[in-house]
1. Would you kindly work out the equivalent ellipsoid of the range A:6-162 from its C-alpha gyration tensor and give its semi-axes, the square roots of five times the eigenvalues, largest first in whole Å?
2. Express the relative contact order of chain B as a whole percentage, based on alpha carbon pairs under 8 Å and six or more residues apart in sequence.
3. Would you look at the GNM of chain A, springs on alpha carbons closer than 10 Å, and say which of A:Thr270, A:Thr76, A:Thr225 moves the most?
4. Residues in the range A:269-283 near a label at A:Arg295, defined as backbone nitrogen under 19 Å from the 7 Å Cα→Cβ point?
5. Can you pull out the chymotrypsin sites (Phe, Trp or Tyr not before Pro) in the range A:211-306 that DSSP calls coil and that have at most 12 other Cβ atoms within 10 Å?
6. Among A:Ala273, A:Ala74, A:Ala20, which one shows the biggest mean-square fluctuation in a GNM of chain A, springs joining Cα atoms closer than 10 Å?
7. In 20 Å bins starting at 0, how do the alpha-carbon pair distances of chain A split up by percent?
8. To test your reading of the geometry: what angle, between 0 and 90 degrees and rounded to tens, separates the Cα axis of helix A:256-267 from the longest principal axis of chain A?
Amino acid sequence: METKEMRAVYCDTLIELAQADDRIMVVEADLMRASGTMAFKQRFPDRAVDVGVAEANLVGVSAGLSAAGKIPFAATFGCFASRRVFDQFFISANYARLNVKLVGTDPGISAAFNGGTHMPFEDIGLMRMIPGLTIIEPSDPVSLKALVKACAEHQGCTYMRLHRKAVPALYEEGESFTLGKGKVLGDGSDVTIIALGAIMVGEAIKARELLKQKGLDAAVIDMHTVKPLDEELVLSYAKKTGCIVTAENHQTAGGLGSAVANFLSQNYPTPMAMVGIHDEFGQVGTQSWLAEHYRLTAEEITRKALTLVQGTRRNA
Amino acid sequence: MLTSQQLRTLSDFAKEIRKKTLYTIGNLGVGHIGGALSIADLLALLYGKVMHIDPANPTWEDRDLLVLSKGHAGPALYATLALKGFFPLSELDTLNQGGTNLPSHCDRTKTVGIDMTTGSLGQGLSAACGLAYAGKIDKKDRYVYAVIGDGESQEGQNWEAAFFAAHYKLANLIAFTDNNKMQIDGMTDDIMSLGDIEMKWKSFGWFTQRVDGHDLAAMDGAIQKAQEQSDKPSMIILDTIKGKGASFCENKVTNHNMNFDLQTAKAAIAELG
């Protein structure tokens with residue numbers, strides 16, 4: 001069981017990358033302690049830039065660094081990385097076709113005690129509207145490490161949701177990941193659960209066990225890249241299982257659920273159910289209380305999957 | 001100090017920039033003429049003398065850079081770049097036509113010689129900070145120049161960048177405020193007064209100067225002093241006249257984005273001599 005904090009994995013991976021590539025930089029807006037990149041700063045003082053509490057400048061400076069050939073990893077809370085600096089990221093980084101790696105930490109309910117002001121349920125939705133942007137949310141330390149490296153190698157802007165706290169490893173060390181290619185964590189024939197992120201992929205795996213007890217064989221996909229969506233994989237599992245449940249720590253409107261539905265509705269209309277936030281603001285609470293409150297749980301995935309399979313079979 | 005020969009050459013260059021800008025926008029029928037003409041002298045000085053650039057090698061790694069944060073003045077910069085040979089003068093006629101390489105607001109991906117995409121006001125100085133920071137840690141002997149508008153100075157992001165450049169002692173960053181005293185809705189003093197704008201930058205830790213933005217020798221002297229700074233970014237406030245050099249629009253508060261035809265442009269060009 002992996003107990004290392006995700007932010008420590010993030011930082012260690014950046015240090016590893018930076019040793020081999022002097023273009024790698026860290027840019028922060030007074031949240032270096034939160035993002036866990038202090039060790040990077042100690043190691044590479046000139047290549048860790050703190051802009052202070054100034055997120056617009058965080059993105060603007062990163063754009064400038066990128067225009068000078070650097071590969072800046074700019075991090076702040078996901079709410080600020082998306083809502084607060086949408087135009088800066090849109091214009092100065094993406095429209096300018098630069099190479100800024102924006103990281104939004106504390107996605108969704110993981111913002112916990114910081115509450116509604118700091119709880120991004122809409123960052124993926126905003127980011128999906130930016131043409132050509134690659135959007136990812138790793139589910140565990142192994143995928144995080146691999147995907148940070150993939151972001152660094154990718155030519156173009158990326159947005160990564162970073163769950164800061166420790167989560168169990170779902171993959172064997174050294175597992176390979178490709179941007180835009182989902183991972184099948186368990187095969188199945190009755191229903192497919194397409195999940196996203198460090199909370200919901202784990203819940204999807206638990207739901208698979210719960211469904212097994214009910215006699216259903218569920219496939220689970222870790223869709224770590226929301227954009228570009230792995231359409232080939234979605235299509236093959238829509239055909240294989242005939243119905244799909246999406247699970248995300250984000251608004252279903254604009255998020256993974258929307259992305260999958262948008263694709264399937266035009267290519268292979270498939271009955272779907274969506275677990276996620278349904279047009280609500282965030283609020284304070286422990287992560288587990290919030291998970292129960294917003295029904296971001298294995299039980300909810302199971303309930304929706306059962307209802308979906310029953311309805312699909314009735315209509316068949 | 002500029003020699004009289006240099007002064008004459010630069011003055012002619014500025015005049016040509018104005019003529020090409022007037023023609024280009026007049027040919028189209030509408031455009032941001034006021035704020036383009038107010039920086040024509042600065043552009044002539046930067047591209048005619050100050051900046052280390054190579055039109056034959058526009059992406060030369062060690063070149064000096066310009067971030068025209070008031071991106072709507074793009075047509076003046078396009079005229080400058082075309083006159084310098086970055087691309088053919090004939091391309092100026094394509095301004096704002098579908099598929100053009102010369103959009104209203106500066107785009108680094110489209111136009112040869114444009115160093116940063118700008119136009120969403122307030123963002124350029126931050127990018128200039130990033131460019132200057134990279135130049136500093138890479139120990140590059142080059143300057144990053146940036147131009148912001150006086151109206152644009154009302155955008156808060158400029159002041160985030162102001163903190164940054166002073167904190168990181170970006171002496172390789174030399175910025176200009178095109179203080180033409182007008183913005184879209186009227187006189188800057190009536191819409192949102194800048195107060196003592198030079199003092200504001202000074203208080204943020206910048207080396208500041210204030211000169212006539214149509215006096216080439218004064219601007220050249222100010223840039224030299226700015227280059228002598230070892231630990232401070234520079235802000236040079238340029239007192240300018242919006243629409244300078246074309247009587248049909250000079251100092252008219254309606255000149256921000258103005259309709260005028262080719263005949264008007266030609267008359268203004270003739271006026272410039």
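1. Numbers: eigenvalues 80, 65, 46 Å².
Values for the range A:6-162, descending: 20, 18, 15 Å.
2. Working: 561 pairs, mean separation 67.3, N = 273.
It comes to 25 percent, rounded to a whole number.
3. A:Thr270
4. A:271-283
5. Details: sites: A:Tyr237, A:Phe263, A:Phe281, A:Trp289, A:Tyr294; in loops: A:Phe281, A:Tyr294.
Here the sparse-neighbourhood loop sites are A:Phe281.
6. Most flexible of the set in this elastic network: A:Ala20.
7. Percent of pairs per bin, in order: 36, 56, 8, 0.
8. On a 0 to 90 degree scale, this one is about 60.
Read-outs throughout are calculated quantities, based only on the coordinates presented, and are distinct from any laboratory measurement. Keep in mind it's a predicted model, so treat the numbers as computed, not measured. No Cβ is skipped: glycine too gets one built from the backbone with ideal geometry, and neighbour counts run over all protein chains shown.
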